[in-house]
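Heads up, the thing below is written out as C-alpha coordinates.
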Amino acid sequence: MIVILKNNAEQQKVEILKQWLENQQLSIHESVGEYQRVWGLVGDTSRIDTDLIEGLDIVEGVRRISEPYKQANRKFHPDDTVIDLGGGNLIGGGHFQYFAGPCSVESEEQIIEVAKAVKKSGANILRGGAFKPRTSPYAFQGMRAEGLRLLLLAKEVTGMPICTEIMDASHLDLFEEVDIIQVGARNMQNFELLKELGKTDKPIFLKRGLSATFQELLMSAEYIMANGNSKVILCERGIRTFETATRNTLDLSAVPMLHEKSHLPVVIDPSHASGIARFVKPMSYAAAASGCDGLMIEVHNDPAKALSDGPQALRPEEFDEVVKGVEKIRNALKD
Ligand code: PEP
Ligand code: MN
(Lines give C-alpha, C1' and ligand atoms only; values in the text may rest on other atoms or scores of the structure.)
(Ligands and ions follow the chains in the order given, each with its own letter.)
Protein backbone atom coordinates (compact mmCIF):
# COMPACT_ATOMS: atom_id res chain seq x y z
CA MET A 1 0.00 0.00 0.00
CA ILE A 2 1.23 3.45 -0.87
CA VAL A 3 0.44 6.57 1.17
CA ILE A 4 1.18 9.95 -0.38
CA LEU A 5 1.56 12.73 2.18
CA LYS A 6 0.67 16.35 1.53
CA ASN A 7 3.52 18.76 0.94
CA ASN A 8 2.73 20.87 3.95
CA ALA A 9 1.82 17.98 6.25
CA GLU A 10 2.21 18.93 9.89
CA GLN A 11 5.13 16.89 11.26
CA GLN A 12 3.42 16.12 14.57
CA LYS A 13 0.43 14.57 12.77
CA VAL A 14 2.77 12.68 10.43
CA GLU A 15 4.47 11.15 13.48
CA ILE A 16 1.10 10.07 14.94
CA LEU A 17 0.14 8.36 11.67
CA LYS A 18 3.55 6.70 11.46
CA GLN A 19 3.24 5.37 14.98
CA TRP A 20 -0.27 4.11 14.32
CA LEU A 21 0.79 2.26 11.16
CA GLU A 22 3.78 0.73 12.90
CA ASN A 23 1.47 -0.45 15.67
CA GLN A 24 -0.43 -2.37 12.95
CA GLN A 25 2.75 -4.40 12.30
CA LEU A 26 3.56 -2.48 9.12
CA SER A 27 6.97 -1.17 8.20
CA ILE A 28 7.26 2.13 6.39
CA HIS A 29 9.65 2.78 3.53
CA GLU A 30 9.81 6.50 2.94
CA SER A 31 10.88 8.22 -0.25
CA VAL A 32 11.07 11.98 -0.29
CA GLY A 33 10.87 13.71 -3.66
CA GLU A 34 10.98 17.38 -4.54
CA TYR A 35 7.21 17.76 -4.35
CA GLN A 36 5.99 14.64 -2.60
CA ARG A 37 6.68 12.40 0.32
CA VAL A 38 5.62 8.82 -0.29
CA TRP A 39 5.36 5.90 2.12
CA GLY A 40 5.43 2.31 0.95
CA LEU A 41 3.77 0.12 3.59
CA VAL A 42 5.09 -3.40 3.84
CA GLY A 43 3.18 -6.11 5.72
CA ASP A 44 -0.39 -7.38 5.87
CA THR A 45 -2.46 -4.33 4.89
CA SER A 46 -5.72 -6.27 4.43
CA ARG A 47 -7.08 -4.96 7.74
CA ILE A 48 -6.24 -1.34 6.98
CA ASP A 49 -9.18 0.92 6.12
CA THR A 50 -7.87 3.04 3.23
CA ASP A 51 -10.77 5.50 3.53
CA LEU A 52 -9.75 6.25 7.11
CA ILE A 53 -6.21 7.21 6.06
CA GLU A 54 -7.38 9.03 2.94
CA GLY A 55 -9.64 11.19 5.11
CA LEU A 56 -6.73 12.62 7.12
CA ASP A 57 -5.81 16.21 6.29
CA ILE A 58 -2.10 15.33 6.00
CA VAL A 59 -2.76 12.69 3.32
CA GLU A 60 -2.93 13.39 -0.41
CA GLY A 61 -3.91 9.88 -1.46
CA VAL A 62 -3.75 6.15 -0.76
CA ARG A 63 -3.31 3.30 -3.28
CA ARG A 64 -3.55 -0.38 -2.69
CA ILE A 65 -0.88 -2.44 -4.42
CA SER A 66 -2.05 -5.84 -3.18
CA GLU A 67 -5.66 -7.01 -3.06
CA PRO A 68 -7.51 -6.95 0.28
CA TYR A 69 -8.51 -10.62 -0.14
CA LYS A 70 -5.92 -13.23 0.77
CA GLN A 71 -7.51 -16.68 0.96
CA ALA A 72 -9.44 -16.27 -2.30
CA ASN A 73 -6.35 -14.81 -4.00
CA ARG A 74 -4.51 -16.85 -6.60
CA LYS A 75 -1.23 -15.17 -5.61
CA PHE A 76 -1.26 -17.11 -2.35
CA HIS A 77 -2.78 -20.28 -3.81
CA PRO A 78 -1.53 -20.74 -7.38
CA ASP A 79 -3.29 -24.08 -8.06
CA ASP A 80 -6.97 -24.27 -9.00
CA THR A 81 -9.18 -25.31 -6.11
CA VAL A 82 -11.06 -28.54 -6.77
CA ILE A 83 -14.23 -29.03 -4.72
CA ASP A 84 -16.15 -32.25 -4.13
CA LEU A 85 -19.80 -31.27 -4.47
CA GLY A 86 -21.00 -34.60 -3.08
CA GLY A 87 -20.83 -38.15 -4.35
CA GLY A 88 -17.41 -37.57 -5.89
CA ASN A 89 -18.71 -34.92 -8.31
CA LEU A 90 -15.78 -32.54 -8.60
CA ILE A 91 -15.66 -28.96 -9.86
CA GLY A 92 -12.63 -26.80 -10.70
CA GLY A 93 -9.19 -27.57 -12.09
CA GLY A 94 -10.60 -29.03 -15.31
CA HIS A 95 -13.65 -30.68 -13.71
CA PHE A 96 -16.90 -29.30 -15.18
CA GLN A 97 -20.41 -29.52 -13.72
CA TYR A 98 -23.98 -28.74 -14.80
CA PHE A 99 -26.27 -27.49 -12.02
CA ALA A 100 -29.73 -27.94 -13.51
CA GLY A 101 -33.31 -27.86 -12.31
CA PRO A 102 -36.26 -25.55 -11.80
CA CYS A 103 -36.10 -22.05 -10.38
CA SER A 104 -38.55 -23.19 -7.67
CA VAL A 105 -39.50 -26.59 -6.36
CA GLU A 106 -43.25 -26.70 -6.98
CA SER A 107 -44.42 -30.28 -6.40
CA GLU A 108 -43.10 -33.81 -5.96
CA GLU A 109 -43.99 -34.75 -9.55
CA GLN A 110 -42.30 -31.64 -10.95
CA ILE A 111 -38.99 -31.95 -9.12
CA ILE A 112 -38.68 -35.71 -9.61
CA GLU A 113 -39.52 -35.47 -13.32
CA VAL A 114 -37.07 -32.62 -13.93
CA ALA A 115 -34.33 -34.27 -11.82
CA LYS A 116 -34.57 -37.51 -13.78
CA ALA A 117 -34.57 -35.65 -17.10
CA VAL A 118 -31.57 -33.41 -16.42
CA LYS A 119 -29.62 -36.34 -15.00
CA LYS A 120 -30.25 -38.30 -18.19
CA SER A 121 -28.87 -35.35 -20.18
CA GLY A 122 -25.66 -35.31 -18.15
CA ALA A 123 -26.29 -32.98 -15.21
CA ASN A 124 -24.87 -34.29 -11.96
CA ILE A 125 -26.16 -31.58 -9.62
CA LEU A 126 -29.84 -30.80 -9.05
CA ARG A 127 -30.68 -27.17 -8.39
CA GLY A 128 -34.03 -25.97 -7.11
CA GLY A 129 -35.25 -23.11 -4.94
CA ALA A 130 -37.19 -23.79 -1.76
CA PHE A 131 -36.74 -20.34 -0.18
CA LYS A 132 -37.19 -17.80 -2.98
CA PRO A 133 -36.02 -14.17 -2.91
CA ARG A 134 -38.80 -12.46 -4.88
CA THR A 135 -39.00 -8.77 -5.70
CA SER A 136 -42.70 -8.73 -4.78
CA PRO A 137 -43.95 -9.94 -1.40
CA TYR A 138 -47.10 -11.08 -3.21
CA ALA A 139 -45.21 -13.40 -5.58
CA PHE A 140 -44.68 -17.12 -4.83
CA GLN A 141 -42.16 -17.30 -1.98
CA GLY A 142 -41.18 -20.94 -2.46
CA MET A 143 -42.33 -24.10 -0.69
CA ARG A 144 -39.75 -23.47 2.04
CA ALA A 145 -39.17 -26.47 4.37
CA GLU A 146 -41.52 -28.64 2.30
CA GLY A 147 -39.48 -27.70 -0.79
CA LEU A 148 -36.31 -28.90 0.94
CA ARG A 149 -38.05 -32.19 1.80
CA LEU A 150 -38.96 -32.67 -1.88
CA LEU A 151 -35.41 -31.89 -2.99
CA LEU A 152 -34.08 -34.51 -0.59
CA LEU A 153 -36.61 -36.95 -1.99
CA ALA A 154 -35.36 -36.18 -5.52
CA LYS A 155 -31.81 -36.76 -4.27
CA GLU A 156 -32.87 -40.14 -2.89
CA VAL A 157 -34.50 -41.12 -6.16
CA THR A 158 -31.74 -39.92 -8.51
CA GLY A 159 -28.63 -39.91 -6.31
CA MET A 160 -27.91 -36.32 -7.38
CA PRO A 161 -26.40 -33.88 -4.83
CA ILE A 162 -28.69 -30.88 -4.36
CA CYS A 163 -27.98 -27.16 -4.49
CA THR A 164 -30.50 -24.75 -2.99
CA GLU A 165 -30.58 -21.17 -1.75
CA ILE A 166 -30.45 -20.05 1.88
CA MET A 167 -31.86 -16.63 2.73
CA ASP A 168 -31.35 -16.48 6.46
CA ALA A 169 -28.79 -18.01 8.81
CA SER A 170 -31.62 -19.00 11.18
CA HIS A 171 -32.65 -21.62 8.58
CA LEU A 172 -29.26 -23.39 8.68
CA ASP A 173 -30.60 -26.32 10.71
CA LEU A 174 -32.98 -27.11 7.86
CA PHE A 175 -30.02 -27.30 5.45
CA GLU A 176 -28.25 -30.12 7.29
CA GLU A 177 -28.67 -32.60 4.44
CA VAL A 178 -28.31 -30.11 1.60
CA ASP A 179 -25.09 -30.75 -0.34
CA ILE A 180 -24.38 -27.26 -1.73
CA ILE A 181 -25.76 -24.07 -0.23
CA GLN A 182 -26.50 -21.25 -2.65
CA VAL A 183 -26.17 -17.60 -1.68
CA GLY A 184 -28.30 -15.59 -4.09
CA ALA A 185 -27.30 -12.36 -5.78
CA ARG A 186 -29.36 -10.32 -3.34
CA ASN A 187 -27.56 -11.80 -0.36
CA MET A 188 -24.01 -11.63 -1.70
CA GLN A 189 -23.20 -8.95 0.84
CA ASN A 190 -25.23 -10.32 3.74
CA PHE A 191 -22.06 -10.52 5.77
CA GLU A 192 -23.60 -12.12 8.86
CA LEU A 193 -24.99 -14.92 6.67
CA LEU A 194 -21.60 -15.34 4.96
CA LYS A 195 -19.86 -15.62 8.35
CA GLU A 196 -22.26 -18.36 9.46
CA LEU A 197 -21.74 -20.25 6.19
CA GLY A 198 -18.01 -19.97 6.80
CA LYS A 199 -18.50 -22.07 9.92
CA THR A 200 -20.06 -24.94 7.94
CA ASP A 201 -18.14 -27.43 5.84
CA LYS A 202 -20.51 -27.43 2.87
CA PRO A 203 -19.64 -26.06 -0.58
CA ILE A 204 -21.10 -22.55 -0.94
CA PHE A 205 -22.39 -21.45 -4.34
CA LEU A 206 -21.90 -17.69 -4.21
CA LYS A 207 -23.70 -15.59 -6.83
CA ARG A 208 -22.43 -12.18 -7.87
CA GLY A 209 -24.61 -9.31 -6.66
CA LEU A 210 -26.63 -7.32 -9.18
CA SER A 211 -24.17 -4.44 -9.11
CA ALA A 212 -21.15 -5.97 -7.40
CA THR A 213 -17.62 -5.59 -8.70
CA PHE A 214 -15.35 -8.61 -9.01
CA GLN A 215 -13.45 -7.39 -5.97
CA GLU A 216 -16.66 -7.19 -3.94
CA LEU A 217 -17.57 -10.74 -5.02
CA LEU A 218 -14.13 -11.95 -3.97
CA MET A 219 -14.37 -10.10 -0.66
CA SER A 220 -17.66 -11.95 -0.02
CA ALA A 221 -15.90 -15.23 -0.79
CA GLU A 222 -13.19 -14.09 1.63
CA TYR A 223 -15.81 -13.69 4.39
CA ILE A 224 -16.74 -17.37 4.01
CA MET A 225 -13.11 -18.49 3.77
CA ALA A 226 -11.87 -16.32 6.64
CA ASN A 227 -14.42 -18.08 8.84
CA GLY A 228 -13.02 -21.50 8.00
CA ASN A 229 -14.76 -22.76 4.87
CA SER A 230 -12.62 -22.75 1.74
CA LYS A 231 -15.19 -24.51 -0.47
CA VAL A 232 -16.55 -21.55 -2.40
CA ILE A 233 -17.84 -21.61 -5.98
CA LEU A 234 -18.19 -18.22 -7.68
CA CYS A 235 -21.13 -17.60 -10.02
CA GLU A 236 -21.64 -14.86 -12.59
CA ARG A 237 -25.39 -14.47 -13.18
CA GLY A 238 -25.55 -11.18 -15.06
CA ILE A 239 -25.31 -7.65 -13.75
CA ARG A 240 -27.51 -4.55 -13.95
CA THR A 241 -26.65 -2.24 -16.81
CA PHE A 242 -28.54 0.40 -18.81
CA GLU A 243 -29.76 -2.36 -21.15
CA THR A 244 -33.32 -3.50 -20.55
CA ALA A 245 -33.85 -5.87 -23.51
CA THR A 246 -32.34 -8.69 -21.46
CA ARG A 247 -33.08 -9.29 -17.78
CA ASN A 248 -29.43 -8.65 -16.92
CA THR A 249 -26.19 -8.33 -18.87
CA LEU A 250 -23.99 -11.43 -18.87
CA ASP A 251 -20.48 -10.29 -17.99
CA LEU A 252 -18.45 -13.12 -19.48
CA SER A 253 -15.19 -11.40 -18.66
CA ALA A 254 -15.95 -12.79 -15.19
CA VAL A 255 -14.45 -16.10 -16.26
CA PRO A 256 -10.93 -15.03 -17.27
CA MET A 257 -10.87 -12.23 -14.70
CA LEU A 258 -11.93 -14.36 -11.73
CA HIS A 259 -9.68 -17.20 -12.86
CA GLU A 260 -6.79 -14.76 -12.97
CA LYS A 261 -7.51 -13.23 -9.59
CA SER A 262 -8.68 -16.34 -7.77
CA HIS A 263 -8.21 -20.11 -7.62
CA LEU A 264 -11.92 -20.75 -6.96
CA PRO A 265 -14.16 -22.42 -9.57
CA VAL A 266 -16.30 -20.10 -11.71
CA VAL A 267 -19.80 -21.04 -12.89
CA ILE A 268 -21.94 -19.13 -15.39
CA ASP A 269 -25.72 -18.83 -15.00
CA PRO A 270 -27.06 -17.88 -18.46
CA SER A 271 -30.68 -18.26 -17.30
CA HIS A 272 -30.80 -15.30 -14.90
CA ALA A 273 -28.26 -13.42 -17.01
CA SER A 274 -30.51 -13.24 -20.07
CA GLY A 275 -33.97 -14.00 -18.69
CA ILE A 276 -34.92 -15.38 -22.11
CA ALA A 277 -35.06 -19.15 -22.67
CA ARG A 278 -33.95 -19.02 -26.32
CA PHE A 279 -30.80 -17.11 -25.34
CA VAL A 280 -29.68 -19.76 -22.87
CA LYS A 281 -28.16 -21.99 -25.57
CA PRO A 282 -25.97 -19.36 -27.28
CA MET A 283 -24.90 -17.88 -23.95
CA SER A 284 -24.06 -21.35 -22.59
CA TYR A 285 -21.91 -21.99 -25.65
CA ALA A 286 -20.12 -18.67 -25.16
CA ALA A 287 -19.62 -19.44 -21.47
CA ALA A 288 -18.17 -22.88 -22.26
CA ALA A 289 -15.81 -21.29 -24.78
CA SER A 290 -14.68 -18.77 -22.18
CA GLY A 291 -13.41 -21.62 -19.98
CA CYS A 292 -15.89 -21.64 -17.10
CA ASP A 293 -15.99 -24.56 -14.66
CA GLY A 294 -19.70 -25.16 -14.89
CA LEU A 295 -23.14 -23.93 -15.88
CA MET A 296 -26.23 -23.32 -13.79
CA ILE A 297 -29.31 -23.65 -15.98
CA GLU A 298 -32.99 -23.45 -15.06
CA VAL A 299 -35.04 -26.34 -16.48
CA HIS A 300 -38.80 -26.87 -16.05
CA ASN A 301 -41.06 -29.62 -17.33
CA ASP A 302 -43.76 -27.05 -18.15
CA PRO A 303 -42.21 -23.55 -18.31
CA ALA A 304 -45.50 -21.85 -19.20
CA LYS A 305 -46.91 -22.91 -15.83
CA ALA A 306 -43.78 -22.26 -13.76
CA LEU A 307 -44.41 -20.35 -10.51
CA SER A 308 -41.18 -18.37 -10.96
CA ASP A 309 -38.82 -17.55 -13.84
CA GLY A 310 -40.83 -19.46 -16.48
CA PRO A 311 -39.70 -17.21 -19.39
CA GLN A 312 -36.07 -18.24 -18.92
CA ALA A 313 -36.63 -21.95 -18.22
CA LEU A 314 -35.61 -24.58 -20.75
CA ARG A 315 -37.73 -27.66 -21.38
CA PRO A 316 -35.78 -30.89 -20.65
CA GLU A 317 -35.28 -31.63 -24.36
CA GLU A 318 -33.85 -28.13 -24.89
CA PHE A 319 -31.47 -28.65 -21.98
CA ASP A 320 -30.37 -31.91 -23.56
CA GLU A 321 -29.41 -30.02 -26.74
CA VAL A 322 -27.48 -27.42 -24.75
CA VAL A 323 -25.43 -30.10 -22.98
CA LYS A 324 -24.62 -31.79 -26.30
CA GLY A 325 -23.42 -28.50 -27.81
CA VAL A 326 -21.46 -27.47 -24.74
CA GLU A 327 -19.69 -30.84 -24.67
CA LYS A 328 -18.70 -30.39 -28.32
CA ILE A 329 -17.22 -27.00 -27.51
CA ARG A 330 -15.37 -28.28 -24.45
CA ASN A 331 -13.96 -31.18 -26.43
CA ALA A 332 -12.92 -28.94 -29.31
CA LEU A 333 -11.01 -26.75 -26.86
CA LYS A 334 -9.20 -29.78 -25.43
CA ASP A 335 -7.80 -30.77 -28.87
C1 PEP B 1 -32.01 -18.39 -8.53
O2 PEP B 1 -30.95 -19.02 -8.71
O3 PEP B 1 -33.13 -18.87 -8.72
C4 PEP B 1 -31.90 -16.96 -8.14
C5 PEP B 1 -32.85 -16.37 -7.44
O6 PEP B 1 -30.79 -16.38 -8.62
P7 PEP B 1 -30.16 -14.92 -8.38
O8 PEP B 1 -29.86 -14.84 -6.93
O9 PEP B 1 -28.94 -14.96 -9.25
O10 PEP B 1 -31.17 -13.91 -8.85
MN1 MN C 1 -34.68 -18.27 -10.81
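A DSSP coil position with no more than 16 other Cβ atoms inside 10 Å describes the following chymotrypsin sites (Phe, Trp or Tyr not before Pro) in segment 140-210: F140.
Taking the 1.4 Å solvent-accessible surface of the chain as the whole, the part contributed by carbon and sulfur is 50%. Magnitude of the charge dipole for segment 2-63, about its Cα centre and with charges confined to Cβ atoms of Lys, Arg (+1) and Asp, Glu (-1), is about 80 debye. Tell me, rounded to the nearest percent, the portion of alpha carbon pairs in segment 79-129 spaced more than 12 Å apart. For segment 79-129, the fraction of Cα-Cα distances above 12 Å is 64 percent. When +1 charges are put on Lys and Arg Cβ atoms and -1 charges on Asp and Glu Cβ atoms, the dipole computed for segment 87-172 relative to its Cα centre reaches about 180 debye. Taking the DSSP bridge list for the chain and keeping only pairs wholly inside it, about 40 percent are antiparallel. Along its three principal directions, the equivalent ellipsoid of the chain from the Cα gyration tensor extends over semi-axes of 43, 20, 18 Å, largest first. Scanning the chain for helices, which whole DSSP H stretches are 15 Å or more long along the axis (Cα) and average 0.5 or more by Kyte-Doolittle? Passing helices, by number: 145-158, 214-226. With 23 Å as the limit, the listed pairs K120/K324; K202/K328; K119/K324; K116/K281; K116/K195; K116/K324 have K202/K328; K116/K195 beyond it between alpha carbons. The mean of 1/r over all pairs of different alpha-carbon atoms in segment 88-237, once inverted, gives a Kirkwood hydrodynamic radius of 15.6 Å. Taken as Cα centroids, segment 67-131 and segment 192-216 sit 15 Å apart, rounded to the nearest whole angstrom.
Whats the longest run of the chain with zero GluC sites (Glu not before Pro) that are DSSP loop and have at most 14 other Cβ atoms within 10 Å? No qualifying site falls inside 35-175, the longest such stretch.
Taking amide H as placed 1.01 Å from N in the peptide plane, Q97 has its amide H under 5 Å from the amide H of G294, L295, each at least 5 places away in sequence or on another chain. Solvent-accessible surface of the chain, averaged per residue with a 1.4 angstrom probe and all protein chains in place: 47 square angstrom.
Across all C-alpha atoms in segment 161-319, the radius of gyration and Dmax reach 15.4, 43 Å.
The values are calculated or read from the model by the stated rules, or taken from the named source; none is laboratory data. Computed from a predicted structure; not experimentally measured. Every residue, glycine among them, receives a Cβ derived from its backbone with ideal geometry; neighbour counts consider all protein chains shown. Side chains included, ligands, DNA and RNA excluded: accessible areas come from the protein's heavy atoms. Shrake-Rupley method; radii C 1.70, N 1.55, O 1.52, S 1.80 Å.
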